[in-house]
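None of the figures in this text is laboratory data; all of them are computed from the coordinates on show. Owing to the predicted nature of the structure, the values given are computational and were not obtained by experimental measurement. Here Cβ is always computed from backbone atoms with ideal geometry, including for glycine, and neighbour counts include all displayed protein chains.
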Amino acid sequence: MNPGPFQRVMFALYAVVFFLYLLGPLAVMAVSAFNTPQYPQVWPIEGVTLDWFSALFADQDMMAGLKMSLWIGLLVVCISVPIGLAGAIIMTQIQPRVRSLYYLVVVSPVLTPGIIIGISTVVFWRQFTGQTGTRFLYDGVVLTVLGQASFISAYCMLIILARLQRFDRSQEEAALDLGASYPQVFRHILLPFLKPALASAAVLAFLSSFENYNTTTFAILSDKTLTTVLAGRVRQGSTPAISALAVVIVAVTVIGAIAYEIYKRRSDAAAAARQRAALEAEEAELSGTPAPAMG
Amino acid sequence: MSGSLAFVFGLPLAVVVFFFALAAYERRTGVASGGGFFQRNGLAIGLYLVLAVGFWAFFIILLPQLAMVDMSFRPKLPPSQMGGPKDLYTLENYRYFLFGSTTSTAEWNWLHIKAFFLTIGVSIVITLINFAICYPLAFHMAQSATAARLRVLLLLLILPYWVNEILRAFAFRVLLSSGGIINQMLMGSGLTDEPIDFLGADVGLYMGLSYAYLLMMIFPLYNAIESLDKNQVEAARDLGAPWWHIHAFIVLPHAKPGIASGCTLVFMLTAGALAAPLVLGGPRTLWFTPIVYDRFYQAFNWPQGAAYAFILLVSCIIFVLVVLKAFRLSLGEITR
């Protein structure tokens, strides 16, 4: 666009309002976490305190829920990434005439409301475990992991598929020609190629699991995760300890994002340095020992 | 009972057999070439692929959905009578949605019907509003922002989404409550004398719902507009097209898959939202998902809850189909 001054001002105004809407509520909540009154209050600031943070960490249910959420998140990563990988590989190999049907089935959980996934998981596994005599599997953690895995596996599949479509099959053929076995090709060629996609799928899987509420609240049965404890607390009434939790979560993720950015820049710089060194070495070699044709 | 177990194990088996038969047939008729599935992947990896995807597609996705639909057509019975002579298919749960309890005198079950249509209607409105709010920013990010500014914008956009849905809704409660900062400002400026009950009037709920899924709209839009060649916009401007022509005839048609994908996601998430109605809804708030929740955990009537969930699912499917039809797209184009 080549906007005139009027359009420029209008857009700036719009952007300010947009980000005020986006970040304002969180900023307000963050301030209330440090203010002394019992009820989350922003103004007037009656005194700065960290009591709400200690109240948060002293909350046994909340801490137990946090542990449970971390545990479930790890299990979901362990299930969803392998399933997503398998789903993506099958997508590239399935017969073209049934591909769209397969796609419809495995992507449908992304477009299904979370509570429906939770309900259907509980209904099915209650019947199934009752009929097969595996009642021990009818457990909040198992059901939550299975329910969340339905759509989180689909996220993972979409991420992995995007990278898999750029995979050069001739690499695989070359390895096979040189005598590699199929498991070797899978382990030494395909998996390393997909590694960045697998890593981002794992991170996304963990985060989606950690903050999920709609599916979890049905599937968790009598257990509690951080989100379900939190929902109970919020329904009982407002306390600044809840705001404190939000501050902690934002702080942890911002620190994580910055650490990742630094790590990324360093490894990028290291890779660039390696490449430069290799180029220089190659040039030195070329100029030091001229090729026979030139001599 | 044993009949349903045979189905649970028989269906996946039948489908797997069908796939291998199809593969064999295609190889014989020359449609497909090359080795078979296990030849191509090796036995161990081939087995892993089939088992992982089979378990996912059937035991995590399809069979639970079928079990839910099946349950929605059954009467509510104590466990001892399940599968007994009284366990017959019935439309009772759907009848209840329309007409309420058999003992009630009201003609229609207005409470639930109203909540349902309000949920669908408000979700559509919120979807449209979110599109209007997000489009200018998505366009700016995709077409005119510099790389450095884009990074900052992306970070600012993603930041609120690290915080989970319940906390985001809670933030609106802090903001809009009668002693909250908005009311303080309104009263301080003399616009009102007493606090406005934003939460009781469901303003908080609608704002919270719109806020909760902004990101699901902006990223598909951004991705779609980003792939548009800037020269096309330049060319149109050089040829004298006014700004709204450029958007209506160049950018919007190009961004069609992104618009459809953002709208479907936002609609589905809004209509299925549970956290925001629980946190921001008042006692008189009408929203469909808390009613479904109560069928399960207040009324303990699971078949009825399943029927309500199925009604919600069907309306979401209809919405997706209508959007696809209206935009003339296929499902694959919007779930990228």
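Here are the numbers for this structure:
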item	result
Length added when fully stretched, B:Ala241-B:Ser178, from 0.36 nm per residue minus Cα-Cα	17.8 nm
Cα gyration tensor category, rounded, prolate or oblate, for segment B:110-334 with a/c compared to 1.5	oblate
Segment A:238-265 residues near the modelled A:Asp51 label - backbone nitrogen below 17 Å, point 7 Å along Cα→Cβ	A:238-245
Relative contact order, percent, chain A [alpha-carbon distance under 8 Å, six or more residues apart]	30 percent
Separation between Cα centres of segment B:41-88 and segment A:95-172, rounded to whole Å	12 Å
Radius of gyration and maximum dimension Dmax of the protein assembly as shown, Cα, Å	27.5, 106
Sparse-neighbourhood loop sites, chymotrypsin sites (Phe, Trp or Tyr not before Pro) in segment B:69-162 - DSSP loop, at most 15 other Cβ within 10 angstrom	B:Tyr89, B:Trp108
Shielding score for A:13-26, defined as the mean number of other chain Cβ atoms within 10 Å	5
Straight-distance crosslink candidates among lysines, where the alpha carbon sits under 22 Å from B:Lys325 and sequence neighbours closer than 8 are dropped	B:Lys256
Pair B:Asp193, A:Ala281: separation of 7 Å Cα→Cβ label points (nm)	8.4 nm
Residues of segment B:248-266 with amide N under 19 Å of the 7 Å Cα→Cβ point at B:Glu234	B:250-251
Where labels lie 7 Å past Cα in the beta-carbon direction, separation of B:Ser4 and B:Ala24 in nm	3.4 nm
Vicinal HN-Hα couplings computed from phi for segment A:276-288 (Karplus, 6.51 cos²θ - 1.76 cosθ + 1.60; Hz; Gly/Pro x)	4, 4, 5, 4, 4, 4, 5, 4, 4, 5, 5, 6, x
For A:Thr36, net neighbour charge (Lys/Arg +1, Asp/Glu -1) across residues whose Cβ lies under 10 Å away	-2
Computed over segment A:1-58: relative contact order in percent, which uses C-alpha pairs under 8 Å that are six or more apart	21 percent
Charge sum, other residues only, whose C-beta stays under 15 Å from A:Ile94's C-beta, Lys/Arg counted +1 and Asp/Glu -1	+3
Principal axis dimensions, segment A:1-58 - Cα atoms, whole angstrom, descending	56, 23, 14
Lysines with Cα under 26 Å of B:Lys76, excluding same-chain neighbours fewer than 8 positions away	B:Lys86, B:Lys114
Charge dipole magnitude, Cβ of K and R +1, D and E -1 - chain A, Cα centre, debye nearest 20	640 debye
Neighbour-count order for B:Thr105, A:Thr49, fewest beta carbons within 10 angstrom listed first	B:Thr105, A:Thr49
Simple label model, 7 Å out from Cα along Cβ direction - B:Thr90 to A:Arg265, nm	6.7 nm
Likely footprinting exposure, A:Thr217, B:Thr270, fewest C-beta neighbours within 10 Å first	A:Thr217, B:Thr270
Partner chain coverage, peptide A:78-91 - average Cβ within 10 angstrom	4
Nonlocal amide H pairs with B:Thr90, under 5 Å, H built at 1.01 Å	B:Arg74
Burial order of peptide ranges B:282-295, B:9-22 (average beta-carbon count within 10 Å, highest first)	B:282-295, B:9-22
Environment charge of B:Ile166, counting only residues whose C-beta is closer than 11 Å and scoring Lys/Arg +1, Asp/Glu -1	+2
Peptides B:37-43, B:322-328 ordered by average Cβ neighbours within 10 Å, highest first	B:37-43, B:322-328
Rg(Cα)/(2.2 N^0.38 Å) for segment B:228-330, N = residue count	1.61
Cα shape, chain A, gyration tensor, a/c 1.5 rule	oblate
Per-residue HN-Hα couplings for segment B:285-290 [Karplus 6.51, -1.76, 1.60; θ = phi - 60°; Hz; x = Gly/Pro]	5, 9, 8, 6, 4, x
Contact order normalised by residue count of chain B, Cα under 8 Å, 6+ apart, percent	21 percent
Under Karplus coefficients 6.51, -1.76 and 1.60, residue-wise ³J(HN,Hα) of segment A:209-214 in Hz, glycine/proline x	5, 4, 9, 6, 10, 4
Burial order of peptide ranges B:257-263, A:28-34 (average beta-carbon count within 10 Å, highest first)	B:257-263, A:28-34
Shape of segment A:174-264, Cα gyration tensor, a/c cut at 1.5	oblate
10 Å Cβ neighbours from other chains, averaged over peptide B:42-54	5
